[in-house]
Amino acid sequence: MSKRFRFKESLIYGITGDFYRWFSVVIFVLVAVFVFLAIDSSGKNTIEKQQESLENALARDIVQCYAIEGRYPPSLSYIKEHYGLVYDDNTFFVDYRPIAANLYPDVTVIRANK
């Protein structure tokens, strides 16, 4: 008798227990993919904000050096030593090219590929 009631219930909607199992697996996989994509996107935004922050810090230190000393910094290591610039060398490559003591240097910040 118990089989008779279970069979009628599944016939009402035309859906079997296997469908519910597969449906729940598909929902779980979709949620897992969504969470992974959200975390990946968050990581990319963080790196972009770090690069923007490094560019702003470099510009601020260069201008501060010119205001205090009357000349632009001769090298990137000079900025690190005297103005406390700290950044992750493995994540970013900074190309610092001084032009002259009274001309703003050419500074490029590039994200390193991993």
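Only the coordinates and a few stated rules stand behind these numbers; no lab work does. Not measured: the values here are computed from a predicted model. Counting neighbours? That spans all protein chains shown, and the Cβs are built from the backbone with ideal geometry, glycine included.
Tabulated values for the structure
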item	result
Net charge contributed by nearby residues that have their C-beta within less than 13 Å of residue 58 (K/R +1, D/E -1)	-2
Long-range tail of P(r) for region 2-111 (Cα pairs > 20 Å, %)	62 percent
Helix-only CD estimate at 222 nm, as mean residue ellipticity for the chain, using -39500 (n - 2.57) per DSSP H run (n ≥ 4)	-22500 deg cm²/dmol
Length-normalised contact order for the chain - Cα pairs under 8 Å, 6+ apart - percent	17 percent
Spin-label pair residue 113/residue 90, simplified geometry with 7 Å Cα→Cβ offset, distance in nm	1.9 nm
